[in-house]
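Working notes, beginning with the structure itself.
The values are calculated or read from the model by the stated rules, or taken from the named source; none is laboratory data. Quick caveat: nothing in here was measured; it's all calculated off a predicted structure. Neighbour counts are summed over all protein chains in view; Cβ atoms, including those assigned to glycine, are modelled from backbone coordinates with ideal geometry. All accessible areas refer to the heavy atoms of the entire protein, side chains included, with ligands and DNA or RNA removed. Shrake-Rupley method; radii C 1.70, N 1.55, O 1.52, S 1.80 Å.
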Amino acid sequence: MLPNPTAINPISASTVAADEVRSVSLLEGLLTEVLQSPGRHLKRNELEVKTSPILEDVMVKSMLFKSAQKLQTTTEISTEPPKEAEFVPRVRAATPTKEANSTLKSNENNPTAKLVEYMQEPNITQPAGKPATAKLMENNTIVVVKRNKASPHPQLTKASPKTQLTPAKTPSGRPIKINKSSKNKTIKTSKEKKRKKDNKTKRPSEKKEVTPTYFPYFMDNYCPPECACYGRVVQCSDKGVDKVPYGIPYNARYILLMNNHINSIQLDLLNEYVSMEFLVLSNNRLTDGAIEGAFEGIPALKRLYLDRNLLESVPTDLPHSLEELRLDNNQLSVMSEAAWARCPGLLVLSLSNNSLGNGSDSLPNAVLSPLSHLRTLNLDHNQLTSVPLGLPLSIKELYLKGNLIEQFREGAFNGISELVVLDLSANKLTNKGLLRDSLLNATHLESLNLEGNRLKQVPRHLPYSLKTLNLEGNLISSIKRAALNRLKNLEHLGLARNKIFKVAPGAFKALPVLHQLDLCHNTLRQVPRQLPQALHSIALTHNKIQSVPRDAFCWGNTSLSLSGLVRVQLEHNLINMGKLDAQAFKCLRGFQVVHFY
């Protein structure tokens, strides 16, 4: 079979430098050791030491392509310290209804900061006149927490000069504020919940109590419990969550949230992620209203995957930095030029498996004109009836497979196009629909796929630059002598699954660099004559061939040198081996080149 044009890779290839290979091996070895040793816990700092931006790229590629089972197994690896290294401080309240605020704990032996919540123990009272106290023990160090009568917050008193309990540092511009004084160290939230009155047990000096709030925790070395973090790669896929997990670090570079049940994104939630370059929200339940305004303020986002959701239109608030957008497998039916004005630097746009065109019309003229740097456009499996007009001249790869296209109108490119790959397979193109000037400006075109259309003869007026031409699965019945004369650079030609019964002598002779020819599944009665001298392989299976002319493979060979053919496939034909002319194969490298069975 003739190789089809290369499809869009879901993630562009990353090159791993030579000095990173050892780190990759160490990382893989560490993960393998954990998988083979159930009792072995992987510490966060032990993994982070071995990660780097290049390794993060490698890990993201691996995560995107692993099966769901392998992916789940990988993300189940514990990245938290052993349980025995953790402790939960408890505040013994003076009254059953008094609750304390939260605080943060930092440990010298563990660089990963933990979110510590003070927990209230009801029904515990203290002797009258004495402040409530709680003793916290870690590494033989006693920390006494005292409640100051004048302050509702706990006071930390150091009991040992060796170890000091201090709050974790909070990045600037985040919703945590830490106020220090000579006596107390307290943490105040940006927003407090409503205060409640104590009906009976509250002392007169403490009429109101503060309901503890859930402190935002976006520390760079914190990881939400629903996710697994590897350096700046945050893996939250296949977790069944219905919203973006709380507490993803602001310095995250890759955030993977595919295969969940997310149906909305909190407004302005993503604006703080100034380092995020790649966001994957594939296979969720997002609608137009659920993402409105969600991506507008992200400063560094380059790649956004929103495929397999419930979107009906292209988002109009895309970030200016965007370079790759995937909206495949949605319900898109409309598109406006305004959607692309905000991201003029877009390089890859994939819109396959949608309802664009509605089966009766094409896209608006020049709707993609703002994308002056676009390199790859995928419109496979929509309902377009014609090739869109006014496409950006910068496009190098254009995929239109599986539409309802009947004609390739003049004006698709208003100027000399940089197009290299064009896929028009599985459409309804006829020879009349492929007009003379359709590809006039595609002077750089190298690969043209017209498989599965309604062509009755080899199209004329194709670009001279073509190297690969796929005409398989059409209605072509014969190949005329001059049909391919213009294509001097053609290397691969596919004519399988047509109705070809006749090939004019020398029809392929004018193709000096043709290497591969596929004529399988036709109705030929003999091997075509005067095949190109440079031919390496020819496939003629499933025809009605009975004879092999002497000038099929070995013609014009005056020096008696061997042919360049290395494979001749003649299986499933009507050849009588006893009547074969041996002279027809004299220039071949041996009968092992020819396959009769």
Handout entry: Count of the range 253-269 residues which are at pLDDT 95 or above and among the aliphatic types (A, V, I, L, M)
Key = 5
Completion exercise
Checked the range 564-597 for anything out of contact with any His (no Cβ under 9 Å at 6 or more places or on another chain), over 19 Å from K544 (Cα atoms) and either open to solvent by 20 Å² or more (accessible area, probe 1.4 Å) or in a helix (DSSP H, G or I) (or both); matches are A582, Q583, F585, K586, R589, G590, F591, Q592, V593
Exercise for the section: Please work out if E312 is without any contact (Cβ under 8 Å) to a residue 60 or more places away in the chain, over 20 Å from L398 (Cβ atoms) and among the acidic types (D, E). Expected result: yes
Handout entry: Selected residue (only one of C587, C554 is more than 19 Å from A510 (Cβ to Cβ) and either in contact with a Cys (Cβ under 8 Å, 6 or more places away or on another chain) or of a type in the set (D, E, K, R) (or both))
Key = C587
Practice task
Need at least 2 residues that are in contact (Cβ under 8 Å) with a residue 40 or more places away in the chain and under 20 Å from S386 (Cα atoms) per element, so show me which strands (runs of 3 or more DSSP E) inside the range 427-497 make the cut, counting only ones lying wholly within it.
Solution key: 447-449
Exercise for the section: Examine the range 495-502 for a residue that is open to solvent by 20 Å² or more (accessible area, probe 1.4 Å), in contact with a Gly (Cβ under 9 Å, 6 or more places away or on another chain) and at pLDDT 95 or above, and state whether such a residue exists. Expected result: yes
Fill in the blank from the handout: Considering only strands (runs of 3 or more DSSP E) wholly within the range 215-311, the ones with at least 1 residues that are within 21 Å of V348 (Cα to Cα) are 254-256, 278-280, 303-305
Fill in the blank from the handout: Checked against (1) open to solvent by less than 70 Å² (accessible area, probe 1.4 Å); (2) more than 29 Å from the chain's Cα centre (by Cα); (3) modelled with pLDDT of 95 or more, L439 satisfies every condition except (3)
Exercise for the section: Can you give me the number of residues within the range 327-357 that are charged (D, E, K, R) and either open to solvent by less than 20 Å² (accessible area, probe 1.4 Å) or assigned to a helix (DSSP H, G or I) (or both)? Expected result: 1
Practice task
Taking only the range 391-416 into account, find how many residues are surrounded by fewer than 19 Cβ atoms within 10 Å (Cβ to Cβ), touching a strand residue (DSSP E or B) at 6+ places or on another chain (Cβ under 8 Å) and of a type in the set (D, E, K, R).
Solution key: 3
